[in-house]
Each structure stands twice: as structure tokens, then as C-alpha cells.
Amino acid sequence: MACRQWMNRAVDYCVEADATRTRLCPREFRSINLRYAEGVNTGLTTLYRPVAQMEFELVRASGFREFPPRLPEQPFFYPVLNEEYAAQIARDWNTKDERSGFAGYVLRFRVQTKFLQGYEARVVGASTHREYWIPASELDQLNANIVGSIEVVSEFRGME
């Protein structure tokens with residue numbers, strides 16, 4: 001079986017293929033499909049949400065159990081698929097914005113994978129910039145599918 005390698009900005013992986021089957025090399029399967037495998041094995045998917053100070057306070061007020069309703073000018077809720085992308089937003093955008101309180105937080109939460117099957121993960125920049133677009137009207141359903149607590153992964157502060 002010959003091994004062909006593809007590389008893009010997000011992933012460097014190897015696919016073995018012959019006339020009867022195609023599979024990822026086992027070494028690479030563990031690293032690039034960890035989130036997918038987690039969803040298959042546990043029925044849960046880990047997502048991240050970069051938030052500013054006000055949204056963080058509202059999540060904290062909920063006991064770290066749910067996200068607050070969107071504002072009228074926010075038609076979608078955007079959870080992201082990896083911590084690095086969430087940190088980039090929290091650190092590079094929120095900390096420079098007065099409306100964000102010059103603070104950014106990365107929150108991690110787990111949601112029922114079945115719930116996410118109704119949504120497409122979208123690439124919105126580089127291949128690592130992946131997020132779901134959940135209509136604001138469906139945020140209550142997302143909140144109902146969160147398993148466990150919403151966790152604070154990191155905090156960033158800017159210059160006021």
C-alpha cells in the first residue's frame with residue numbers, strides 16, 4: 001500500500017490507499033482526529049467560545065451553565081472548534097476593544113454531538129478558523145445540549 005501525504009496549514013497527515021481501501025495512517029489518526037474521535041466515542045463535542053467581559057459576567061452569573069441570549073444585532077452564536085482560534089480572537093481582538101472591556105476570555109464547553117449534526121462547521125479564514133453559526137433563536141437548544149460546566153481556559157487583558 002503506497003502512502004500519499006498532503007499538507008495544508010492546519011494538518012499534515014498521511015493517507016494510505018490501494019484498490020480496496022483508504023485509511024489514515026494510525027500515528028496521524030490520533031492527532032488530527034482527536035475531536036472527531038471524542039465525539040464518536042462519547043457522544044460529546046468540545047467547543048470553545050471567545051468572549052468579552054460582559055458576556056463572561058453573564059456566563060458566570062448562570063453558574064457557568066449557559067450562554068446568554070444574543071443582542072438584536074447578533075443574529076448568530078459562533079462557537080469555534082479549536083482553542084487556538086478562540087485564543088486568537090480573545091487576545092488579538094477583545095483586548096484592544098473598549099466595548100469588550102479590554103478583556104478576552106476563552107471558554108470551553110462540551111455539547112451533545114447529535115445537536116451539532118444539524119449545523120455545518122464553516123471555515124472563515126485560514127483552515128484553522130472553523131466555527132459553527134448557530135442562529136440566535138436556537139441558542140436555548142444549544143444551552144440545553146451543554147453537558148457539564150462551561151470552563152474558563154484562558155484570560156487576556158489589554159491596555160485600558
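What net charge do the residues around Ala144 carry, taking every other residue with its C-beta under 15 Å from that of Ala144, with Lys and Arg at +1 and Asp and Glu at -1? Could you put the intermediate results ahead of the total?
On the way: positive: Arg65, Arg110, Lys114; negative: Glu66, Glu138, Asp140.
It works out to a net charge of 0.
Could you work out the mean projected area of the convex hull around the alpha carbons of the stretch 43-157, in square nanometres to one decimal?
On the way: hull surface 26.7 nm².
Its Cα hull, projected and averaged over all orientations, spans 6.7 nm².
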- Stretch Asp140-Gln74 to full length: gain in nm at 0.36 nm per residue minus the Cα-Cα span? 22.3 nm
- Task: DSSP loop (so not H, G, I, E, B), at most 16 other Cβ within 10 Å: list which trypsin sites (Lys or Arg not before Pro) in the stretch 74-130 pass both filters.
- Result: none
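Read the figures in this text as sums done on the coordinates, not as results from a lab. Values in this document were obtained by computation on a predicted structure and should not be read as measured data. Every residue, glycine as well, gets a Cβ built from its backbone with ideal geometry; the counts of neighbours run over all protein chains shown.
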